[in-house]
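Read through the structure below, which is laid out as structure tokens, and then see the notes.
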Amino acid sequence: MMGRVIHTGQVVIDLTLRIEAIPEPGGDVFADESSMAVGGGFNVLAAARRMGVETLYAGPLGEGPFAEAARRALEEIGVDHVGPVAPGDQGYCVAMTDARAERTFISTCGAETRGPADAFDHLEVSGDDVVYLSGYSLADEASRTALERLAGRLTDARAGCTALFDVSPMVGSVPMSSLERLSALGPIWSLNEREAGLLADRLELRVEAGDHAGVCEALSGRLGTVLVRAGEQGSWFSDGGEACHTPSIPVTPVDTNGAGDAHSGVLAAALARSVDLTTALRWANVAGALTTTHFGPATCPSEAEIKALV
């Protein structure tokens, strides 16, 4: 039986700029290209839908032009919004990509951060579902409380679902007590190499810089199931033992914005389809790599494109 992907994070508007380099303080540059698109959690949702899995968005949507753009975009890809309506308009993110394909973000907080504490109390989750959790949800009190309540309810009910926790750069600053509450759910902790280093430092784990297998094993020893993503180098996965490496594919990146989202969306969808973890990680790595070869945030390849290169 195929499960669903249930996204509890934030859909925002991406204002993307392609520039030669980030200006120094007080500097002024013109963008080579610019665009506006629905982004944030939408990128994960779009990736999951490209894999043919039923996908729900349980996070808040506001009322305003940005929120309406988000609703239309969700409808176009066949994602039902089952979350609350919050005051104000959706927030936005200025995503700057330089000539090295490196990205820099400046974000605002909008309706996606103003959901009520009981935002997820109505969610019905089955054992076949994959629940996507975002570290950004821990950045403000209201959404943090809502996510902790959901995690507690699923843990107490022994729902048996798979939880995929994309920790985000917020892992360096969110309350450790919140991370501990989410850990009771037994999620797959998904981190890029920078986030893995931040969390290892907070947990006072001694690992060498660049030792992806080592940091994966050290984090897994404290947290359980851990996935460390390292771009073109692939990913490392540990469930308490020796880290297993899954390779990626060589590409020439032009825009890394949305690569991690594509990885998470494809991984969540594959797990909802009961694909074995080794294959699911390979699909996710290829999806993340191919995403970097196109400009824009929601550029996840199709399932056929992924399988052709796996």
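For Cα pairs less than 8 Å apart in space and 6+ apart in sequence, what is the mean separation divided by the residue count of the range 1-138, i.e. the relative contact order in percent?
Rounded, it is 34 percent for the range 1-138.
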- prompt: For the chain, what is the relative contact order in percent, using Cα pairs closer than 8 Å and at least 6 residues apart in sequence?
  reply: 18
message: Between Arg206 and Glu232, how high is the FRET efficiency from 1/(1 + (r/R0)^6) when r is the Cβ-Cβ distance and R₀ = 25 Å? Nearest 0.05.
response: 0.45
- request: Please report how far the C-alpha centroid of the range 161-186 lies from that of the range 53-107, rounded to the nearest whole angstrom.
  value: 21
- request: Take the alpha carbon atoms of the range 244-269, find their center, do the same for the range 1-21, and report the distance between the two centers in whole angstrom.
  value: 14
task: Using 0.36 nm per residue of separation minus the Cα-Cα distance, give me the extension gain between Lys307 and Val254 in nm, one decimal.
output: 16.9 nm
task: Can you tell me the dipole magnitude for the chain around its Cα centre, using point charges on the Cβ only (Lys, Arg +1; Asp, Glu -1), in Debye to the nearest 20?
output: 540
message: On a full-extension model of 0.36 nm per residue, what is the gain between Glu180 and Ala117, subtracting their alpha-carbon distance, rounded to one decimal in nm?
response: 20.8 nm
statement: Taking a ≥ b ≥ c as the square roots of the eigenvalues of the Cα gyration tensor, with a/c under 1.5 meaning rounded and otherwise prolate when a/b exceeds b/c and oblate if not, the range 187-274 is oblate
Values of log10 I(q)/I(0), in the order q = 0.24, 0.28 Å⁻¹, for the range 28-81 under a Debye, Cα-only, solvent-free model: -0.92, -1.16
task: Provide the per residue accessible area, probe 1.4 Å, for the chain, rounded to a whole number of square angstrom.
output: 44
query: So if we plug the beta-carbon distance of Asp239 and Asp128 into 1/(1 + (r/R0)^6) with R0 = 22 Å, what FRET efficiency do we get, rounded to 0.05?
result: 0.65
Mean Cβ neighbour count within 10 Å, used as a protection proxy, ranking 268-281, 6-19 highest first: 6-19, 268-281
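Net charge near Gly9, counting Lys/Arg +1 and Asp/Glu -1 over other residues with Cβ under 9 Å of its Cβ?
Result for the local shell: -2.
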- prompt: What does the charge dipole of the range 140-179 about its Cα centre add up to, to the nearest 20 debye, if the Cβ of each Lys and Arg holds +1 and the Cβ of each Asp and Glu holds -1?
  reply: 160
query: Which whole DSSP H helices in the chain pass both tests: a Cα extent of 18 Å or more along the axis and a mean Kyte-Doolittle value no lower than 0.5?
result: 259-272, 277-291
task: Indicate, rounded to the nearest 5 percent, the antiparallel portion of the DSSP beta bridges found entirely in the range 47-200.
output: 30
message: Can you classify the range 74-216 as rounded, prolate or oblate using the Cα gyration tensor, where a ≥ b ≥ c are the square roots of its eigenvalues, rounded means a/c under 1.5, and otherwise it's prolate if a/b beats b/c and oblate if not?
response: oblate
query: How high is the relative contact order of the range 101-228, in percent, counting Cα pairs under 8 Å that sit 6 or more residues apart?
result: 21
Fully extended contour minus Cα-Cα distance, from His294 to Ile22, at 0.36 nm per residue: 95.9 nm
Shape call, the range 36-119: gyration tensor on alpha carbons, a/c limit 1.5: oblate
- prompt: Per residue of the chain, what 222 nm ellipticity follows from adding -39500 (n - 2.57) for every DSSP H run with n ≥ 4, rounded to the nearest 500?
  reply: -10500 deg cm²/dmol
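The values are calculated or read from the model by the stated rules, or taken from the named source; none is laboratory data. Bear in mind the structure is a predicted one, so any value in this text is a computation, not a measurement. Positions of Cβ are generated from backbone atoms using ideal geometry, with glycine treated the same way; all protein chains shown enter the neighbour counts. Heads up: the accessible areas ignore ligands, DNA and RNA and are worked out on the full protein's heavy atoms, side chains in. Shrake-Rupley method; radii C 1.70, N 1.55, O 1.52, S 1.80 Å.
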